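Take a look at the structure below.
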Amino acid sequence: MPCFIGISINNQLKFHIMKTKKFVLAENDIPKAWYNVIADMPNKPAPLIHPGTKQPIKPEDLYPLFSKAGSDQELNYTDRFIEIPDEVRKQYRIWRPTPLVRAYALERALDTPAHIYFKNESVSPVGSHKLNSAIPQAFYCKAEGVTNITTETGAGQWGAALSMAAKHFGLELAVYMVKISYEQKPYRRSIMQTYGAQVIASPSMSTKAGRKILTDRPDYQGSLGTAISEAVELAMSTPNCKYVLGSVLNQVSLHQTVIGLEAEKQMEMAGEYPDIVIACFGGGSNFSGIAFPFLRHNLSGEKATRFIAAEPSSCPKLTRGVFQYDFGDEAGYTPLIPMYTLGHQFSPANIHAGGLRYHGGGAIVSQLKHDGLIEAVDIQQLDTFKAAALFARTEGIIPAPESSHAIAATINEALKAKVEGKGKTILFNLSGHGLIDMTAYDRYFANDLANYDVTDEEIRRNTDKLEKIL
Ligand SMILES: *Cc1c(COP(=O)(O)O)cnc(C)c1O
């Protein structure tokens, strides 16, 4: 076949490889402040409500439960940037800044004109973005003289991150792990124990909340909502003990903005700006982390990026939930949060993306969704594993089942761009790797996984029970 001198298909391939694949920052580029999107929101989230008095929560109301610094951050509606303590930045240096990667091989496999980038948060020692908030939360507790902390964990990612952070700052940690994950993901339990944490399968007989649900439903496999109730109860009944949460809260979203702040600089290095930003959605922390720093340019009117939260079809709070005050936990111990929710007693199917099995969307993301400033899509379990396998076989990284929701949504958008013939720039967050989730992959390849649909009746049965405050 005739061809231009010196240009062959091989040369073209080399050209591809010579283009920058990975955009890497220096340690000095780790952000010095987190971005607090609330300061820029046109409609601020409605206040948290005290479950007893039904009055708006004041920072002092939260001090018995959370660290003082965390409580203040939770209710900070005015400061756009909040300084990252030096000790936290020092710890971030263990794995930050994380790389931004251009997914050339995935683009080629999809034959799409879209440019696909991902921020690789799977490079942290525990394999996910969760450490970004575990470290500051543990740091603030230690700085305030706390000795013990409690938390819950779903798939075990948050528990693993907090175990490492607790050990670093010399805190004793008790983790309530959702029973289904405790059994499905024994290695995450081993990781937590390796870092020195105590791990309890939830529901357990060690708390009132756990005993009550086990009496009603002896074979209940647990949920994040129940595990949160147990952890909160232990924190409230143990001296010098605070409760620490891995998602949903404003302070967690705040800490995660290091992801997007770094990505902003890296997209600049790549000479592009995202038309679409995508992340999977459990309680909203990794979505907030990558989205908010870019969203601030939409809010100021300079940009018109689309933001897509990808949630499981089996737990569709943003796409099918109600916008309503609800508890953060199953037993109703936490403040009431204004958010999209499926009801705090909703028990999602046992999908393998354990980190996405949460009933509510958090106050900030829910308000943004309500105001049409972000979008949400729901993804079926089998589609997430198909997307994960393609990603592994092209880009080489085996993604967490949670992150695979973002990959599936990205592939959908890249294929849409192909149909439209438009060269869009898509950025997604790879929230974690799946090397400890291989049982789930085994079951996928053995055709042993299913999709789960939630009926409107099932959703209404839980949301109708909520007290109407909004
Ligand atoms: C926990 C977790 C999630 C979901 O939590 P968000 O708070 O919504 O980010 C997503 N991906 C991974 C890898 C996780 O560990």
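Remarks
Results for (1) closer than 18 Å to I351 by Cα; (2) more than 22 Å from the chain's Cα centre (by Cα); (3) buried (at least 24 other Cβ atoms within 10 Å of the Cβ), shown as yes or no for each residue.
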| position | (1), (2), (3) |
| --- | --- |
| W158 | yes, no, yes |
| A161 | no, no, yes |
| H168 | no, yes, no |
| I180 | yes, no, no |
| Y187 | yes, no, no |
| I191 | no, no, no |
| G196 | no, yes, no |
| S202 | yes, no, yes |
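- Residues (part of a strand (DSSP E or B) and either touching a helix residue (DSSP H, G or I) at 6+ places or on another chain (Cβ under 7 Å) or open to solvent by 40 Å² or more (accessible area, probe 1.4 Å) (or both)) located in the stretch 424-470: I426, L427, F428, N429, L430, G432, H433
- Residue selected from the stretch 33-52 under the condition in contact with a strand residue (DSSP E or B) (Cβ under 7 Å, 6 or more places away or on another chain) and of a type outside the set (A, V, I, L, M), by the criterion nearest to Y92 (Cα to Cα): W34
- Members of the stretch 124-141 that are more than 21 Å from K32 (Cβ to Cβ) and away from the ligand (no atom under 12 Å from the Cβ): P125, C141
- The residues of the stretch 302-336 include none that are touching a strand residue (DSSP E or B) at 6+ places or on another chain (Cβ under 7 Å) and on the phi > 0 side of the Ramachandran plot.
- Hey, E230 away from the ligand (no atom under 16 Å from the Cβ), touching a residue at least 40 places away in the same chain (Cβ under 8 Å), more than 22 Å from Y441 (Cα to Cα) and of a type in the set (D, E, K, R) or not: yes
- Selection from the stretch 263-319 of residues that are surrounded by fewer than 24 Cβ atoms within 10 Å (Cβ to Cβ) and acidic (D, E): E264, E268, E272, D275, E302
- Taken together, the residues in the stretch 239-260 that are more than 13 Å from T151 (Cα to Cα), surrounded by fewer than 24 Cβ atoms within 10 Å (Cβ to Cβ) and in contact with a Ser or Thr (Cβ under 8 Å, 6 or more places away or on another chain) amount to 1.
- Counting only strands (runs of 3 or more DSSP E) that sit wholly inside the stretch 66-141, those with at least 2 residues that are of a type outside the set (A, V, I, L, M) and surrounded by fewer than 24 Cβ atoms within 10 Å (Cβ to Cβ) are 81-83, 115-120.
- Residue check for S190: at pLDDT 95 or above, among the hydroxyl-bearing types (S, T, Y) and touching a strand residue (DSSP E or B) at 6+ places or on another chain (Cβ under 7 Å): no
- The stretch 216-227: number of residues that are within 26 Å of the chain's Cα centre (by Cα) and either within 16 Å of the ligand (Cβ to nearest atom) or surrounded by fewer than 23 Cβ atoms within 10 Å (Cβ to Cβ) (or both): 7
- Hits in the stretch 420-447 - residues which are under 19 Å from Q381 (Cα atoms) and not hydrophobic (A, V, I, L, M, F, W, C): N429, S431, G432, H433, G434, D437, T439, Y441, D442, R443, Y444, N447
- Flag if A417 is touching a Pro at 6+ places or on another chain (Cβ under 8 Å), under 21 Å from P186 (Cα atoms), touching a residue at least 12 places away in the same chain (Cβ under 8 Å) and part of a helix (DSSP H, G or I): no
The values are calculated or read from the model by the stated rules, or taken from the named source; none is laboratory data. On a predicted model such as this, the values are computed, not experimentally measured, just so you know. Glycine gets a Cβ as well: all are built from the backbone with ideal geometry, and neighbour counts include every protein chain shown. Surface areas here come from the heavy atoms of the whole protein model, side chains and all, with no ligands, DNA or RNA. Shrake-Rupley method; radii C 1.70, N 1.55, O 1.52, S 1.80 Å.
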